[in-house]
Structures are given as C-alpha cells and as structure tokens.
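The values are calculated or read from the model by the stated rules, or taken from the named source; none is laboratory data. Keep in mind it's a predicted model, so treat the numbers as computed, not measured. For neighbour counting, all protein chains shown are included, and Cβ atoms are generated from backbone atoms with ideal geometry for every residue, glycine included.
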Amino acid sequence: MENFRMYVPTDIRFGKNRLTELEEVLLKYGNRVLLVYGGGSIKKTGLYDEIMTKLGKDKFHVVELSGINPNPRIDSVREGIRLVREEKLEVILAVGGGSVVDAAKVIAGGVYYEGDAWDLVVDSEKMENAIPIVDILTLAATGTEMNRNAVISNPETQEKLGTSGWELIPKVSFLDPTITFTVPPVQTSAGIADTLSHLFEQYFNRTEGNDVQNFLSEGLMQAVIKNSPVVLQDPENYDARANLLWASTLALNGLCSKGNSGAWSCHPIEHELSAYYDITHGIGLAIITPRWMKFCIDNDSSTHSKFALYGKNIWKLDGDNDEAVARKAVELTYHFFKDILSIPMTLSEVGIQSDALVNEMAKQAVLHGNLESGPYVPMSIENVEAVLLDCFMEMAEF
Ligand code: NZQ
Ligand code: ZN
C-alpha cells in the first residue's frame with residue numbers, strides 16, 4: 001500500500017427530511033447566500049420553493065445564480081464570482097447534481113483569486129482558499145459532494161478539465177434519497193455508469209496487496225449492480241435510491257483510491273468527448289469502458305488475472321482460464337450498460353456521426369490525462385484513437 005493522506009471533513013446529513021437542519025447549518029457560515037442551481041429541475045420538483053420557505057426572507061439575503069449547464073461552463077463560474085464579490089456573500093448553497101456543485105466549488109475558490117477563474121482550472125496550485133460550500137445533492141453520480149474535485153468546461157478553447165483544492169470540499173452535504181426520485185431514467189443510468197467507472201478506474205491499478213481498497217470497491221460495485229434494475233423499474237424505491245446515492249458518494253471520496261498508485265484511463269478520454277460534443281459524462285463513460293477493458297486484455301496479458309478476479313467476484317463467473325473469464329466479464333459489463341441501463345452504446349447513437357475529431361481528441365486525452373505513463377495500461381495517441389474508433393460500432397467480440 002502506498003502512503004497517503006485522507007482528509008474528508010464533509011459533514012454528511014443523509015436521509016429523509018434533513019432539510020429541517022438547513023437554516024442552522026447555513027447560519028454557521030453566514031446569512032448572505034449565493035444559491036446556485038441548474039436548468040430548473042428544482043423548480044419543477046418543488047425543492048426550490050421548499051428551500052426558499054426554509055430560508056425565509058428576514059433571516060437570509062439570498063442571491064441566485066441559475067442555469068448551470070450539465071458540463072458546467074467557466075462563464076457561469078465567472079458570473080458567480082462577480083455576484084459573491086458584489087453582494088458580499090458569505091456561503092454558497094449548491095442545489096443540483098455534479099455540474100452545479102462543481103461550478104459552486106470553482107466560484108468558491110475564485111472569490112479569493114485576482115486573475116481569471118479559468119487559471120484555477122488549468123492550474124489547481126493557484127487555488128488557495130475558498131468560501132464555504134453547503135450542497136443539497138439531487139443526483140447520485142459524481143461523488144463531488146464529498147471530495148475536493150471540480151470539472152469545468154471552456155467552450156472557447158474546447159477544453160473540459162478537472163481541478164481540485166482542499167478548501168473546495170463541501171462543508172456540509174445533504175443527501176436525501178427522496179430528492180433523487182425525480183431523476184429521469186437516462187440520467188439515473190448515466191449516474192450509475194459514472195459511479196461504476198469511478199470504481200473501475202481505482203480498482204484496476206498496479207499496487208499489490210490493497211485488500212481493503214479492493215474489497216471496498218467490489219462491495220460498492222455489487223451494491224450498485226444489485227440496486228440499478230430496482231430503481232429503473234421503481235424510481236421511488238427508497239432503499240434502492242439510498243444505496244445508489246451512498247455508493248456514489250463513497251466511490252469517489254478517497255476510500256477506494258487512497259493507497260493505490262496510477263492515473264485514470266476512461267475519464268480523460270470521456271472528458272474530450274464532452275469537451276468537443278457536450279455529451280453526458282456517464283453515457284460517454286459507458287460507451288468507452290468495455291472497449292478500454294478489451295484494449296487492456298488484448299494488449300497486456302498481465303491484466304488478465306485482475307479482470308478475471310473482477311469477473312469472478314462481481315459477475316460470479318468461474319473457470320481456470322483467466323483470459324476467457326476476463327473477456328466474459330467485459331461482455332457482461334457491456335450488456336449491463338446496454339440491456340439493464342438501456343444506454344446507447346455507440347457514439348453514433350449519441351449524435352457523433354463523424355470520426356473527424358478522433359485524432360485531435362486522442363492527443364488532448366493523452367496530454368491532459370498523462371495516459372502514456374500513468375494508467376493501468378499506458379496508452380499512446382494511437383491506442384486512444386483505436387479505442388475511440390471502436391466506440392462507433394456495436395461490440396461483437398470481447
Ligand atoms: O439542470 P437541472 O435542471 O437541475 O437538471 C439536471 C441536468 O439536466 C438533471 N437533474 C439533476 N437532479 C435532478 C435532475 N432532474 C430531475 N430530478 C433531479 N433530482 O440531471 C441533469 C444532469 O445533471 P448534472 O449535474 O450534469 O449530472 P451529474 O451529477 O452526473 O454531473 C456531471 C458533471 O460532473 C462532472 C462531469 O464531468 C460532469 O461535468 N464530474 C465531476 C466529478 C467530481 N467533481 O468529482 C467527477 C466525475 O467523474 C465527473 O467528471
Ligand atoms: Zn466520472
């Protein structure tokens with residue numbers, strides 16, 4: 001096990017009716033609030049009204065920043081920073097999915113930075129301080145509610161980059177599974193694929209002997225796989241939503257990654273798809289993941305035993321031939337995404353008809369993701385291109 005520091009001070013308020021605690025929580029940080037939210041789902045579901053009623057007019061000064069896009073944009077961040085400064089706001093209340101919380105994080109950090117906020121995305125070293133963030137998470141997926149990361153897009157430069165900072169970790173996250181009842185099936189599936197991808201990115205690594213991290217990851221994968229068909233059939237099943245929500249939080253709060261070495265593979269590639277085509281993060285990951293798994297198995301026989309372990313522990317496969325079990329596990333992963341989650345499994349189906357930008361995206365992914373040396377199986381630009389080209393066709397061989 002590698003040395004690590006794990007520092008995750010987020011105060012989690014999990015369960016039903018916890019918003020009764022919102023006023024007390026916010027007042028610890030101040031009563032001048034920037035309320036950040038997305039395209040309006042919180043108005044349709046009634047959550048916005050509930051929050052405004054709880055905050056009342058006399059106790060809080062609330063300034064709103066709405067319209068945060070999925071794949072949040074740097075312009076929204078700049079606007080948020082302007083509002084905080086102009087209105088002398090003290091705390092951010094982010095209400096939404098990963099996009100809203102990520103935008104809130106970079107706003108919080110940007111308040112203390114004199115230059116342009118995009119600098120903080122390109123170079124996280126510049127992130128020195130931040131105003132406090134409280135969030136009400138509405139979608140199980142990213143884990144942003146209990147980590148220090150944020151991912152922001154810049155449409156002008158066609159970049160989507162991750163940044164991070166210790167100060168960006170939310171102070172308090174409200175996780176109420178009932179709030180996720182209204183997440184539409186496609187976003188529910190995308191969130192599940194994202195959670196699984198986080199677990200895969202951490203599980204497939206070269207560090208030997210990390211039983212704790214491996215067993216935690218496998219346990220979370222099993223919980224996700226078991227509860228996915230339940231929520232898709234019965235979106236208001238409390239326990240199934242609760243399990244998916246808590247699994248998505250734990251999948252990316254450091255628990256499964258600390259002590260492992262190595263960089264990620266599918267995320268840097270997906271971030272290029274989102275940067276160039278603005279597709280949904282979890283959908284892009286579902287498309288890339290089984291092709292990436294096949295790439296690993298095809299190109300590096302030392303990966304066969306770990307993929308076979310994954311097949312045996314997660315998909316209950318057996319057999320002595322590691323490569324055969326590994327390939328069967330990839331096939332089952334692909335069909336889980338396609339048949340259980342109903343995710344369109346080719347790029348053409350998500351509106352990317354041409355492969356003209358594949359080379360460009362591959363170059364950027366290798367550069368931003370340190371893919372040539374960091375990940376489980378290192379990837380050259382040509383390797384990434386080949387994986388992306390595979391994503392245009394249904395998978396027939398595994
Ligand atoms: O914008 P609104 O109207 O709120 O609608 C959203 C949005 O259209 C909707 N939604 C959210 N909660 C809902 C709901 N609709 C009905 N009922 C609810 N309760 O869902 C849509 C997607 O929301 P979004 O926030 O974009 O989804 P997600 O949570 O999957 O976040 C994706 C973003 O997070 C980044 C991704 O790259 C992407 O930009 N990530 C952040 C990470 C992190 N900070 O650690 C790690 C991840 O790997 C990921 O990269
Ligand atoms: Zn992700």
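Of all residues in segment 21-55 being assigned to a helix (DSSP H, G or I) and among the hydroxyl-bearing types (Ser, Thr, Tyr), which is surrounded by the fewest Cβ atoms within 10 Å (Cβ to Cβ)? That would be THR53. Each residue in segment 376-398 was checked for being farther than 19 Å from THR346 by Cβ and either in contact (Cβ under 8 Å) with a residue 40 or more places away in the chain or of a type in the set (Phe, Trp, Tyr) (or both), and 4 of them qualify. Screening segment 366-388 for residues that are in a helix (DSSP H, G or I) and loosely packed, with under 15 Cβ neighbours inside 10 Å and picking the one that is modelled with the lowest pLDDT gives LEU367.
Annotation: GLN158 fulfils all but one of (1) within 14 Å of ligand 2 (Cβ to nearest atom); (2) at positive phi; the unmet one is (1).
Among residues of segment 253-273 that are more than 24 Å from LYS160 (Cα to Cα), those with a beta-carbon under 8 Å from a residue that is near ligand 1 (Cβ under 10 Å from one of its atoms) at least six positions away or on a different chain give the pairs CYS256/HIS198. Can you tell which of ALA263, ALA240 is hydrophobic (A, V, I, L, M, F, W, C) and either under 18 Å from the mean Cα position of the chain (by Cα) or within 14 Å of ligand 2 (Cβ to nearest atom) (or both)? None of the other options fit; the residue is ALA263. Taking the conditions exactly as written (within 21 Å of the chain's Cα centre (by Cα), under 30 Å from ASN260 (Cα atoms) and assigned to a loop (DSSP other than H, G, I, E, B)), does MET1 satisfy them or not? So MET1 fails the test. Kindly indicate whether LYS59 is at pLDDT below 95, away from ligand 1 (no atom under 12 Å from the Cβ) and over 19 Å from GLY165 (Cα atoms). Considered against the rule, which asks whether it is at pLDDT below 95, away from ligand 1 (no atom under 12 Å from the Cβ) and over 19 Å from GLY165 (Cα atoms), LYS59 comes out as yes. The set of residues in segment 83-119 being acidic (Asp, Glu), surrounded by fewer than 24 Cβ atoms within 10 Å (Cβ to Cβ) and without any contact (Cβ under 8 Å) to a residue 60 or more places away in the chain consists of GLU86, GLU87, GLU114, ASP116, ASP119. Within segment 36-54, residues that are more than 21 Å from ILE133 (Cα to Cα) reach partners that are among the hydroxyl-bearing types (Ser, Thr, Tyr) and away from ligand 2 (no atom under 16 Å from the Cβ) with beta carbons closer than 6 Å, at six or more positions or on different chains, in the pairs THR45/THR182. Select from segment 266-283 the residues that are within 13 Å of ligand 2 (Cβ to nearest atom) and either part of a strand (DSSP E or B) or under 17 Å from VAL366 (Cβ atoms) (or both) and list them in ascending order. Scanning segment 266-283 gives CYS266, HIS267, PRO268, ILE269, GLU270, HIS271, LEU273, SER274. Restricting segment 180-208 to residues that are aliphatic (A, V, I, L, M) and surrounded by 24 or more Cβ atoms within 10 Å (Cβ to Cβ), the residue that is farthest from PRO70 (Cα to Cα) is LEU199.
Inside segment 4-20, residues that are of a type in the set (Val, Ile, Thr) and part of a loop (DSSP other than H, G, I, E, B) make up a count of 2. Kindly establish whether ASN253 is out of contact with any strand residue (DSSP E or B) (no Cβ under 8 Å at 6 or more places or on another chain), surrounded by fewer than 23 Cβ atoms within 10 Å (Cβ to Cβ) and in a helix (DSSP H, G or I). So ASN253 fails the test.
Sub-8 Å Cβ pairs linking a first residue in segment 62-80 that is part of a helix (DSSP H, G or I) to a second residue that is of a type outside the set (A, V, I, L, M, F, W, C), at least 6 apart or interchain, are ILE74/SER153; ILE74/ASN154; SER76/GLY67; SER76/ASN69; VAL77/GLY110; ARG78/GLY110; ARG78/ASP116; GLY80/GLY110, ordered by first then second residue. The number of residues in segment 277-321 that are within 16 Å of ligand 1 (Cβ to nearest atom) and surrounded by 17 or more Cβ atoms within 10 Å (Cβ to Cβ) comes to 12. Looking across segment 63-82 at every residue that is out of contact with any strand residue (DSSP E or B) (no Cβ under 8 Å at 6 or more places or on another chain) and of a type in the set (Lys, Arg), the one that is surrounded by the most Cβ atoms within 10 Å (Cβ to Cβ) is identified as ARG78. Residue pairs, Cβ under 6 Å, 6 or more apart or interchain, first in segment 142-153 and assigned by TED's automatic domain parsing to the domain that holds ILE107 and of a type in the set (Lys, Arg), second more than 11 Å from ligand 2 (Cβ to nearest atom) and assigned to a strand (DSSP E or B). List them. Filtered contacts from segment 142-153: ARG148/SER164.
Just one residue in the set LEU120, LEU196, LEU137 is hydrophobic (A, V, I, L, M, F, W, C), under 24 Å from PRO229 (Cα atoms) and not assigned by TED's automatic domain parsing to the domain that holds TRP264; that residue is LEU137. The residues in segment 126-140 that are more than 21 Å from ILE51 (Cα to Cα) and outside any loop (DSSP other than H, G, I, E, B) can be counted, and the count is 1.
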